[in-house]
Amino acid sequence: MQKLVVIGAGMASGRVLEHLRDTAPDAFEITLFNAEPRGNYNRIMLSPVLSGEKSYEEIVTHDDGWYGAGKVNCRFGEKVISIDRDRKVVVGEKGEVSYDKLIIGTGSSPFIIPLPGHDKPGVVAYRDLEDTNAMIEAAGKPGSRAVVIGGGLLGLEAAAGLRLRGMDVTVLHIMGHLMERQLDEAAGYLLKKDLEKRGIDVLLRASTKEIRGRDRVEDVLLEDGTVLPADIVVMAVGIRPSVQLAKDAGLDCGRAIIVDAQMQTSDPAIYAVGECVEFDGNIFGLVAPLYDQAKVLARSLLGEVDAFAMRELSTKLKVTGCDLFSAGDFAEGEGREDIVFRDPARGVYKRLVIEEDRLVGAVMYGDTGDGNWYFGLIKDGTDVSAMRETLIFGPAYQGGASADPLAAVAALPDDAEICGCNGVCKGDIVSAIEAGAGDLGAIRATTKASASCGTCTGLVEQVLAVTLGDDFQMPAAQPVCGCTDLTHEDVRRLIKAQELKSQPAVWQELGWKTPNGCHVCRPAVNFYLLADWPLDYQDDPQSRFVNERNHANIQKDGTYSVMPRMWGGMTNAQELRAIADAADKYNAVVKVTGGQRIDLLGIKKEDLPAIWSDMNDAGMVSGHAYTKGLRTVKTCVGSDWCRFGTQDSTGLGIILEKRLWGSWTPHKVKLGVSGCPRNCAEATCKDVGIICVDSGYQIGVGGAAGMDVKEVERLHDARTEEETIEWTVAFVQLYREHAKYLDRAYKWIAKVGLDWVRDTLADDAERAALVERFDISQSVYQKDPWAERASPEAARHFKPLADLTLEAAE
Amino acid sequence: MELALDRPVKTFVEVTEVWVPKGDTLVLAEGYYGTLTAFEEASRQTAFAKGEGLPGKAWAEARPVVLKGFDGSYFKRIEAAREAGLTSAVAIPVFAGKELKAVLVVLCGDDENRTGAIEVWAEKDGVLMLDDGYYGAAKHFEWVSQHTQFPRGQGLPGGVWSAETPILMRDLGSGYRFVRAESAGKAGLTTGLGLPVPVPGGKSFVLTLLSALGTPIARRFEIWDARRAGRGEAVLIDGICAREGPLWTGEAEPERKVSAWQGLVGRALGTGVPVVESGVPGLSAGYDTMTALPIHRAGEVSHIVAWYC
């Protein structure tokens, strides 16, 4: 009988032993080493043990009886010190064992970030029963708090378990969404929301600086200065294959122990299995491929022909009630097509990725029942072109369900719920229609259906259509884009009403049909979010037009223009010298603009950071000539110099520009301040135009002098400069909070009516609140983009990807 | 395993009934009465209008109702119950959206020796508070529970509340922050099944069945995920049995599934109405009685919990 020694009693090696017992129980005399003082248990079920939803006894795979029946010589709690390949012996702490065949199944060890304080008592990894028990013990103390570092599978399972046990739990995740390796942003958002619903705090983009405490963990300090008190810190940031023993024995190792398709290492007598192996450049962390490896290894040991092959994997999170599924490759790419289904009321998100008529990836949240069916399609490479239209609805719909939405609505019983938010049934809506409500507005007013989240609007309209027949005309409201049926106004309203503070929140809660929006809706939603939630939302440069992303206007020859801000159109000799020097240095063409600025044209993209730096050195900041934001405040010379000037128009212009610059608006905003009704600053065709008169200041709004030419309408007559500033700032903020993206002020006023604008701003409290909200926004957004990007590190983004000159020369 | 004690014991619940709407009243669909035939006979001749008696109250108020001590109460079958030795009852309405599918009623006898708990938790001011509960002899545990509240995500009630999913917990007595856990340990309560009770209007209720070793509420618990109801099947996601041990399947093992109408759980899936059966073929692991309670979400059965004695 051959001698088989197995190092490590984990799930993979355990499965090898099961196969051997099933197929050749007498082939080997087996010795099993395990550093843990126990045999094989289902390690991936430790999370339910932590949460209390399983007992340890339930997850034991092989108990003493099992090993005894198989005559396995168990050496548990004994570490292997070395492998002597020449003598073919394994050296344990309590003595040597010779082998004919050896299996290394040393698994993996948790990766511990070497932060200051990582070795303090109270910092635990999450790998084995000891770690689990340490956490359960910590949870048993009244008022105890846990910080979990790592928002991956293990970290989140630990967090949910500790929360169920009664702890206050905070999860720190360094990336922008949870489980970023398995989930896309939309599913990550739903997962975060689900965890927060359980009272778990989740901090994204959270970078840990130090774990602090005197004798043991007391708190965790983040890079941004946040301090989180903690009785226990769970480090769940990943695993590393445990390969030191194999390395010391001289076996070929890369990231792990290198094996061939028969699980044989570089030594023909030694095999390896599980998380400690590397096959074809891959390492392993999920259980399904480990079981495949185990079967192949057992057959190889018995001289049978078999080969391990990589296969597609799927992921599930073991947190009860958090239903997610991910499989395949769901990265966006050329030639790939997404099918997205969202049901905000049920918190459901499904995304399928199709490439060349094959399903290549699937991500699901909330409704994962069909996950395995999709997984099968991915694994088998099934041609899905014939079921393309109904694929997202799962296997139950293959074979043809009615696709006519009106027929489906007509078939609904009267008690079928149409509006989940307000609990309005089809019968309620039909009754309202019978009582005279003939359009969506009337239904909203009488039943509240579609008045909250708005996602049932289409359904309500279909009920109207079914009930009224030809009498009902489907409205022609323009949706933002093809990603949604909602209008800009709906989106703005719902972002506020539902307190949506991130793009994934908008995509999910408003039922976007695409994974991440498109080039049309993303800039709009980005603006709405930053305008409504300046302190919560993080501006997304990728959702901006190219000029805003590069902070310069691209010209027809691919070069850029650079225009420094000149407050109120005033400049001085020093600034002019710096501009002249920059024009020489960067070979720029110089143009005086209609907004009383100097424009440097013909700047190469890679020179932008340097010229910005030069302008900054001369005390100038970006003129934002490229933004949907405050452009210029054009002024005349005013009472200081002009015989006719009634007020200090230049001074007021400078004050207004310094107050308003840097703010993002639905479209560009131009101001003009003229010192008298002769209007040399052409203030009456600006978005906000102020005419100074002897008695004070006439504030006009809604002017234009572009494709449309329009004179301002009088908003208010102010007596003092302070009052003028207050009204102007409040008006800009009202425009920021209510207008559709890319509507100039005059278009917005035409929609809402100047009376409403005037009445709103005339309310002293409302005006003050608008000014306050504007200032809060400015505390975040009033910053010079040039200064932020003039650093060498930031400058790298502006470097060309390839040296085209050199390529051309060659 | 702590639950794996399979010896004849006196059950905690003595009677289980399913009342279903028929016109304007609730009528008895099925029930398990053990030896209490007189009470069974009285029940079969009774119907409840909306708001009438215990089942009618659960229907009218759209909430689970606990009633302890029948004398002088709105309970309709006082005389029969007294003769049968029944003193407490819990009524659980089963709603699919706004539609009442059934009312499940369990009745217990007063006994100084039987320990266990059937509790109803209700949301109040952002936490779950004990609405009421029946505890048998676990008086200290009852007192502690009355003075405990659960935030979202914490403990069995808080976990069920936030996950909107039934949860089956083992070893209630240790490793928890709550004083209640310590008291549960002292009372011998080990296994806990918690489930959401969805009602119209959006109020949150959680029902828990806490089982002790000596007087178990059940000796087998099962949780089925029925959210593939569109495909007409439910998958066993958790369970524990005194005779068969753990019932859940590992990640790489085949799932245990039933189709709609397949067996008793399949009947609950197909009808959306609770099932109470005794002494019929198809009862798992040779148990005498089985109760299956479907939970509806978004108008469809989302889960079925089943318990066996």
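Summary table
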quantity: Extreme residue, nearest to A:Leu46 (Cα to Cα), among residues of the stretch A:279-289 that are open to solvent by less than 40 Å² (accessible area, probe 1.4 Å) and within 14 Å of chain B (Cβ to nearest Cβ); calculated: A:Val287
quantity: Residue in the stretch A:568-576 that is of a type in the set (Ser, Thr, Tyr), more than 40 Å from the chain's Cα centre (by Cα) and farther than 28 Å from A:Arg736 by Cβ present; calculated: yes
quantity: Failed item in (1) touching a His at 6+ places or on another chain (Cβ under 9 Å); (2) crowded, with 24+ Cβ neighbours inside 10 Å; (3) under 30 Å from A:Leu290 (Cβ atoms), with A:Ile211 passing the rest; calculated: (3)
quantity: Some residue of the stretch A:192-199 being at pLDDT 95 or above, open to solvent by less than 10 Å² (accessible area, probe 1.4 Å) and not in a helix (DSSP H, G or I); calculated: no
quantity: Lone qualifier among A:Asp231, A:Asp260, A:Asp215, A:Asp280 - being touching a residue at least 60 places away in the same chain (Cβ under 8 Å) and out of contact with any helix residue (DSSP H, G or I) (no Cβ under 9 Å at 6 or more places or on another chain); calculated: A:Asp215
quantity: Matching residues, the stretch A:489-518, being under 26 Å from A:Ile749 (Cα atoms), without any contact (Cβ under 8 Å) to a residue 60 or more places away in the chain and open to solvent by 20 Å² or more (accessible area, probe 1.4 Å); calculated: A:Asp490, A:Arg493, A:Lys496, A:Ala497, A:Gln498, A:Glu499
quantity: Residue ID - farthest from B:Gly153 (Cα to Cα), chosen from residues in the stretch A:200-212 that are free of Cβ contacts under 8 Å to residues at least 40 places away in the same chain and assigned to a strand (DSSP E or B); calculated: A:Leu203
quantity: Selection within the stretch A:105-145 - within 14 Å of another protein chain (Cβ to nearest Cβ) and among the small types (Gly, Ala, Ser); calculated: A:Ala134, A:Ala138, A:Ala139, A:Gly140, A:Gly143, A:Ser144
quantity: Restricting the stretch B:10-26 to residues that are open to solvent by less than 40 Å² (accessible area, probe 1.4 Å) and of a type outside the set (Ser, Thr, Tyr), the residue that is modelled with the lowest pLDDT; calculated: B:Phe12
quantity: Among (1) outside any loop (DSSP other than H, G, I, E, B); (2) buried (at least 17 other Cβ atoms within 10 Å of the Cβ), the one test that B:Arg63 misses; calculated: (1)
quantity: Residue match in the stretch B:251-262 (condition: open to solvent by 40 Å² or more (accessible area, probe 1.4 Å), of a type outside the set (Lys, Arg), under 25 Å from A:Met364 (Cβ atoms) and more than 12 Å from chain A (Cβ to nearest Cβ)); calculated: yes
quantity: Checklist (1) touching a Lys or Arg at 6+ places or on another chain (Cβ under 9 Å); (2) hydrophobic (A, V, I, L, M, F, W, C); (3) surrounded by 20 or more Cβ atoms within 10 Å (Cβ to Cβ) applied to A:Cys276, failing item; calculated: (1)
quantity: Residue in the stretch A:41-59 that is touching a Lys or Arg at 6+ places or on another chain (Cβ under 6 Å) and open to solvent by 50 Å² or more (accessible area, probe 1.4 Å) present; calculated: no
quantity: Count - residues of the stretch A:155-188 that are out of contact with any strand residue (DSSP E or B) (no Cβ under 6 Å at 6 or more places or on another chain) and part of a helix (DSSP H, G or I); calculated: 7
quantity: Residue count, the stretch B:148-179 (criterion: within 20 Å of the chain's Cα centre (by Cα) and not hydrophobic (A, V, I, L, M, F, W, C)); calculated: 10
quantity: Candidate set from the stretch A:290-309 (those that are free of Cβ contacts under 8 Å to residues at least 40 places away in the same chain and among the acidic types (Asp, Glu)); member that is surrounded by the most Cβ atoms within 10 Å (Cβ to Cβ); calculated: A:Asp292
quantity: Residue among B:Leu128, B:Leu156 that is closer than 21 Å to B:Asp238 by Cα and not β-branched (Val, Ile, Thr); calculated: B:Leu156
quantity: From A:Leu251, A:Leu153, A:Leu245, residue being within 14 Å of another protein chain (Cβ to nearest Cβ) and either crowded, with 18+ Cβ neighbours inside 10 Å or at pLDDT below 95 (or both); calculated: A:Leu153
quantity: Some residue of the stretch B:213-230 being away from chain A (no Cβ under 11 Å), of a type in the set (Phe, Trp, Tyr) and either in a strand (DSSP E or B) or closer than 30 Å to A:Arg346 by Cα (or both); calculated: yes
quantity: Total residues in the stretch B:223-273, condition over 20 Å from A:Pro48 (Cβ atoms) and modelled with pLDDT under 80; calculated: 10
quantity: Helices (runs of 4 or more DSSP H) contained in the stretch B:89-206 and holding at least 3 residues of a type in the set (Gly, Ala, Ser) and either under 14 Å from A:Leu164 (Cβ atoms) or more than 10 Å from chain A (Cβ to nearest Cβ) (or both); calculated: B:155-163, B:179-187
quantity: Whichever residue in the stretch A:85-96 is surrounded by fewer than 20 Cβ atoms within 10 Å (Cβ to Cβ) and not in a loop (DSSP other than H, G, I, E, B) and, among such residues, is nearest to the other protein chains (Cβ to nearest Cβ); calculated: A:Gly92
quantity: Members of the stretch A:528-548 that are touching a strand residue (DSSP E or B) at 6+ places or on another chain (Cβ under 9 Å) and open to solvent by 10 Å² or more (accessible area, probe 1.4 Å); calculated: A:Asp539, A:Val546, A:Asn547
quantity: Residues (assigned to a loop (DSSP other than H, G, I, E, B) and buried (at least 23 other Cβ atoms within 10 Å of the Cβ)) located in the stretch A:119-150; calculated: A:Tyr126, A:Gly150
quantity: Subset of the stretch A:665-692 (residues that are open to solvent by less than 20 Å² (accessible area, probe 1.4 Å) and not small (Gly, Ala, Ser)); calculated: A:Thr665, A:Pro666, A:Val669, A:Leu671, A:Val673, A:Cys676, A:Asp687, A:Val688, A:Ile690, A:Ile691, A:Cys692
quantity: Flag if B:Gly270 is open to solvent by less than 70 Å² (accessible area, probe 1.4 Å) and within 14 Å of chain A (Cβ to nearest Cβ); calculated: no
quantity: All positions within the stretch A:310-322 that are part of a loop (DSSP other than H, G, I, E, B) and open to solvent by 30 Å² or more (accessible area, probe 1.4 Å); calculated: A:Met310, A:Arg311, A:Glu312, A:Leu313, A:Lys316, A:Lys318, A:Thr320
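The values are calculated or read from the model by the stated rules, or taken from the named source; none is laboratory data. Model, not experiment: these values are computed from the prediction. Heads up, the Cβs are rebuilt from the backbone with ideal geometry, glycines too, and the neighbour counts pull from every protein chain shown. Note: accessible area is taken over every heavy atom of the protein model, side chains too, but ligands, DNA and RNA are not part of it. Shrake-Rupley method; radii C 1.70, N 1.55, O 1.52, S 1.80 Å.
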